[in-house]
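Just below is one structure, and these are the notes that go with it.
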Amino acid sequence: MTISILPSTSRTSARFVASETLVNLEKERIPVGTVFEKVLRDLSLAEKDRQLTRNIIYGVLRNRESLDCMLQHLCSQPLKKLKPFVHQALRVGLYQIMYLDRIPDSAAVNESVKAVQAAKLPKRLHGFVNGVLRNSIRKRDELLSLIQNPEQTILNHPRWLTQRWQNRFGREEMERICRQNNSQAPLILQVNSCKTRRNDLLELLQGADVQAEKCQHSETGILLSDFHGRIDALPGYDDGLFQVQDQGAQVLGQLFLPMQPEGRYLDACAGAGGKTSMLIQLCEAVGATVSAVEPDAGRRDIFLSNMSRLHPALDVPLFAGTLGDFAKKSYEKFSGILLDAPCSGTGVTGRHPDIRWNRREEDLQKYQQTQLALLHSAAGLLAPGGILLYATCSLEEEENEQVIETFLAENGDFALQDCRQHFPGTPENLFRQEFFAPLPQKGMDGFFGARLQKSM
């Protein structure tokens, strides 16, 4: 990844870093967090400004189409002819003016102009940015009417994605998903049941004036609807009383139940270890053990850090390599395997709004090939009668139902089981046929889960 930043000692404002991050994000289809951290390594930014910068970046990504619609109304020239930094600085400034009430309009304008100055752009562009943003303040009501026009619905998602969702779920549901994605997702915690109970953690959080409530579907979930601070500053974090985990991922663990006493379980794509910790909690009562596989060195470091915080007394075996390599070297057979496969992530574009702009429709078939290869590797590691849980955070058939259909056609010793049998009383809208497949909603990302059992 190449990040282009001109040398300067004054480029340390939140608006400059936000604009610079957005410029570089459009050059490379990589996660916004990766770009942001790279920019921060090259440009110093006060700790107190980092959260504001992150909020601005994510806000621009969630409202990009609306912002461009308003900017085009204000600019006489096509937006594609603007210098990339100027375009992003205008988005950053306009986002603050139209969506962030706590920031004075004058500050939004002045800081955006300063960012353009810091970028060493011609003086005429300083005046251009100043004029456009000041004009937006005068025309606020006109701009709001423009983007709220019912005859031209602005969805802030790429057309290829909204068309797919409309074809599959219908126009009304597609628009609901987009609206949900365009709102800021709440923070969801999963209680570490190895260390505490949900009611006790709720009491601890509420005692620190943190607005917290029980999740609707997960018995270990806590929803923080209005938290904007540092997660590691929450009470109980250092003691390992919780981790951040979406409710859909938490509910997925029920598909393993009942756990096999003294069984062996594998997290086949462990990542940072969130679902590994979930497996450990499920296994604790029956004396079962958990192992993990993760090929990426950076994620392994985070995994080890999380395990030392959440489960310091355990030494969780972690294989440093691909699942295919592990399958070739391991003689162990597992009672259950969780395969949270790499995917397009279209179910979590509310929490990660860069995904909607980074993905292309042709990516889906590439992900499918990877997912099927991982499933075949996992299948060989499963003991007779064992359970293989396949999961993605995608809404797309190519990565979900089609993957399962193809895998079952090629593996006659596996059978698909109905997920609904493991969730008595759970609303039907969390399922699609035999699959656990909630669409994005408040407190839950879009998700997919399938339970496969190997014959005896």
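The values are calculated or read from the model by the stated rules, or taken from the named source; none is laboratory data. Bear in mind that the values here come from a model prediction, so they are computed numbers and not experimental data. When we count neighbours, we look across all protein chains shown, and the Cβ atoms used for this are built from the backbone with ideal geometry, even at glycine.
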Which is modelled with pLDDT of 95 or more and touching a Pro at 6+ places or on another chain (Cβ under 7 Å), of Q180, Q190, Q166?
Q180
Looking across segment 409-443 at residues that are aliphatic (A, V, I, L, M) and out of contact with any strand residue (DSSP E or B) (no Cβ under 8 Å at 6 or more places or on another chain), the single one that is nearest to E396 (Cα to Cα) is L439
Residues located in segment 310-333, provided they are out of contact with any strand residue (DSSP E or B) (no Cβ under 7 Å at 6 or more places or on another chain), over 20 Å from H376 (Cα atoms), surrounded by fewer than 17 Cβ atoms within 10 Å (Cβ to Cβ) and not small (G, A, S):
P312, L314, D315
Would segment 376-396 turn up any residue that is over 26 Å from F326 (Cβ atoms) and in contact with a Phe, Trp or Tyr (Cβ under 8 Å, 6 or more places away or on another chain)?
yes
Give segment 34-83 a look and list any residue that's over 25 Å from the mean Cα position of the chain (by Cα), surrounded by 15 or more Cβ atoms within 10 Å (Cβ to Cβ) and in contact (Cβ under 8 Å) with a residue 60 or more places away in the chain, or say none.
C69, M70, L71, L74
Looking at segment 359-377, which of the residues that are buried (at least 21 other Cβ atoms within 10 Å of the Cβ) and in contact (Cβ under 8 Å) with a residue 40 or more places away in the chain is nearest to S183 (Cα to Cα)?
R359
So, in segment 345-390, exactly how many residues are in contact with a helix residue (DSSP H, G or I) (Cβ under 9 Å, 6 or more places away or on another chain), in a helix (DSSP H, G or I) and of a type in the set (S, T, N, Q)?
6
How many of the residues making up segment 223-246 are within 25 Å of G287 (Cα to Cα) and surrounded by 18 or more Cβ atoms within 10 Å (Cβ to Cβ)?
5
Have a look at R300, R356 and point out the one that is farther than 17 Å from A378 by Cβ and touching a His at 6+ places or on another chain (Cβ under 8 Å).
R356
Just the residues that are in a helix (DSSP H, G or I) and either farther than 16 Å from I280 by Cα or at pLDDT below 95 (or both), please, taken from segment 291-313.
A297, G298, R299, R300, D301, I302
Of residues in segment 174-222 being of a type in the set (A, V, I, L, M) and under 16 Å from the mean Cα position of the chain (by Cα), the one surrounded by the most Cβ atoms within 10 Å (Cβ to Cβ)
L189
Quick count over segment 129-187, residues being in contact (Cβ under 8 Å) with a residue 24 or more places away in the chain, in the same structural domain as C75 (by TED's automatic domain parsing) and of a type in the set (K, R), is 3
